[in-house]
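A short write-up of the structure that comes next.
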Amino acid sequence: MVPHEREMERRQFLKGTLGAASLVALAGCDNLPQSSWFPSILSQTEKLTDRVQRAITAANALARNMEKPTSRRCFRRTAISIRALKRMPSM
């Protein structure tokens, strides 16, 4: 029975250690965007991701952009107006 108890103690220790390490890592995440080096790493990674996506995806895989005359067309509003919301009975 002793090996089983040791195994449980080990699991609890690992669980607690990983939980504490996660908290420390998350606490440091708030300061990262304010550092001088982190935003440059993010922008470099974003450029790399774009290059990889272009390399593995066919040129015609994405949807085409709307042409200018089509994009200026007025679309019907589907949102509920504020007046209609005020007239609704409250629950």
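Residue exposure proxy: PHE13, PHE38, ordered by other Cβ atoms within 10 angstrom of their Cβ from fewest to most, comes out as PHE13, PHE38. Calculate the FRET efficiency for ALA25 and LEU48 from the Cβ-Cβ distance with a Förster distance of 22 Å, rounded to the nearest 0.05. Rounded to the nearest 0.05, the efficiency is 0.45. Could you check the spin-label model distance between LYS15 and MET88? Points 7 Å from the Cα along Cα→Cβ, value in nm. It works out to 4.3 nm between the two label points. Remark on the stretch 1-52: Rg and Dmax equal 19.3, 57 Å (Cα only). For the stretch 46-53, the Karplus equation 6.51 cos²θ - 1.76 cosθ + 1.60, evaluated at θ = phi - 60°, returns couplings of 5, 5, 4, 4, 4, 5, 5, 4 Hz by residue, with Gly and Pro reported as x.
Here, each number is a calculation from the coordinates, and none is a lab measurement. All figures in this text were calculated on a predicted structure; none of them were measured in a lab. With ideal geometry, Cβ positions are generated from the backbone for all residues, glycine too; neighbour counts draw on all protein chains shown.
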